[in-house]
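**Student:** A single structure is presented below for examination.
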Amino acid sequence: MEIGNFRLEQLSEGIFEVSSAGSIRKVMDHHEKETQKETLTRVGLDPVLIDTGSTRVLLDAGLGIGLDRSEPDPDTSNIVTNLDIFGYRPEDIDVVILSHLHYDHAAGLSFTAGTGDVTATLPNARIYVQKREWDSAIQSLATPPDAHGMGYEPDDLYRLMADGRFVLLDDELKEIVPGITVIRTGGHTPGHQVTRIRQNNRTAYFCGDLIPNEVYLNRFAVGKIDTDQVKARKARMLLMQQAWRDKATLLFYHSVYRKAGMIVRDKNRGFVLKKG
Ligand SMILES: [Zn+2]
């Protein structure tokens, strides 16, 4: 996909299942499925790579399954194998922007090597996240696990923080690279942010978990895993209105079916993806 002169790729890690408690795992085989009774929702997992011509930017980093192994997992992919498909190496990535710090968005940033050391997956990248997101991830460690549901697993991120890789943002709106701007929305998590990509009059939004898939374009959609549902709903509506005015393409992180599309209004003035 192209936005102006920027090249964009969605890097699919596979299809996963989310339990009602919010944990995420590989799609299980048929036999296992019959023996467990939980309601499972299927989700995709699609970080976005942007090549501006001079800078390579990654939006969210995926789960990182198999980063610690030399044998690739046949059912899933990770950031390194996906970059390789498009001809990039891990050291080519200059900037990572994280929508938030839940592990399905951040875990791919590091892996534990055989020696037990935490290793940065992308050795040259600076990682941009909201300061209040970092603070709430750290605070969640002090709360019992069942109180925060879908999770933060910040232990490995400490290592990256100690190495000075994180840039903590305290801005509602901040241009990170010319044409690539973060917008803090909160809602899903206290420091959730979306990314606007704008070049030569073309605009796209990477929606993170504020609009994880097409279903959330429905104005009545409620994100069960949003920490502040009212705030999330309001921010979602504002984002859809702005994206519609911008004639923007939306990029979804968790879609199983349509992973991107231009936002338009239907005859009931609701927001939908343009057909085709
Ligand atoms: Zn997520």
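The values are calculated or read from the model by the stated rules, or taken from the named source; none is laboratory data. Please read these numbers as outputs of a predicted model, since none were measured by experiment. For neighbour counting, all protein chains shown are included, and Cβ atoms are generated from backbone atoms with ideal geometry for every residue, glycine included. Remember, those area values only see protein heavy atoms, side chains included, never the ligands or the DNA or RNA. Shrake-Rupley method; radii C 1.70, N 1.55, O 1.52, S 1.80 Å.
**Student:** Restricting attention to the range 197-237, which residues are outside any loop (DSSP other than H, G, I, E, B), closer than 15 Å to residue 249 by Cα and open to solvent by 50 Å² or more (accessible area, probe 1.4 Å)?
**Tutor:** Correct list: 198, 202, 214.
**Student:** Please state which of the following conditions residue 264 fails to meet, knowing it meets all the rest: (1) modelled with pLDDT of 95 or more; (2) in a loop (DSSP other than H, G, I, E, B).
**Tutor:** (2)
**Student:** Further question: Anything in the range 248-273 that is under 22 Å from residue 47 (Cα atoms) and out of contact with any Leu (no Cβ under 8 Å at 6 or more places or on another chain)? List them, or say none.
**Tutor:** Those that are under 22 Å from residue 47 (Cα atoms) and out of contact with any Leu (no Cβ under 8 Å at 6 or more places or on another chain): 248, 249, 252, 255, 256, 257.
**Student:** Could you please tell me which pairs satisfy a Cβ distance under 9 Å, a separation of 6+ or placement on different chains, a first residue in the range 231-255 that is touching a residue at least 60 places away in the same chain (Cβ under 8 Å), and a second residue that is more than 16 Å from the ligand (Cβ to nearest atom) and assigned to a helix (DSSP H, G or I)?
**Tutor:** Qualifying pairs under 9 Å: 249/243.
**Student:** Look through 38, 2 and report the one residue that is away from the ligand (no atom under 16 Å from the Cβ), in contact with a Ser or Thr (Cβ under 6 Å, 6 or more places away or on another chain) and either at pLDDT 95 or above or of a type outside the set (Val, Ile, Thr) (or both).
**Tutor:** Criteria check complete, one pass: 38.
**Student:** Just the residues that are within 16 Å of the ligand (Cβ to nearest atom) and either among the hydrophobic types (A, V, I, L, M, F, W, C) or at pLDDT 75 or above (or both), please, taken from the range 119-153.
**Tutor:** Within the range 119-153, 129, 130, 133, 136, 137, 140, 150, 151, 152, 153 qualify.
**Student:** Let me ask something else. Taking residue 251 as the residue in question, decide whether it is open to solvent by 70 Å² or more (accessible area, probe 1.4 Å), at pLDDT 95 or above and away from the ligand (no atom under 13 Å from the Cβ).
**Tutor:** When the stated conditions are applied, residue 251 does not pass them.
**Student:** For the range 96-117, what are the residues that are of a type in the set (Asp, Glu) and either within 16 Å of the ligand (Cβ to nearest atom) or touching a Cys at 6+ places or on another chain (Cβ under 8 Å) (or both)?
**Tutor:** Answer for the range 96-117, where residues must be of a type in the set (Asp, Glu) and either within 16 Å of the ligand (Cβ to nearest atom) or touching a Cys at 6+ places or on another chain (Cβ under 8 Å) (or both): just 104.
**Student:** Something else now. Among the candidates 85, 93, which residue alone is open to solvent by 10 Å² or more (accessible area, probe 1.4 Å) and of a type in the set (A, V, I, L, M, F, W, C)?
**Tutor:** 85
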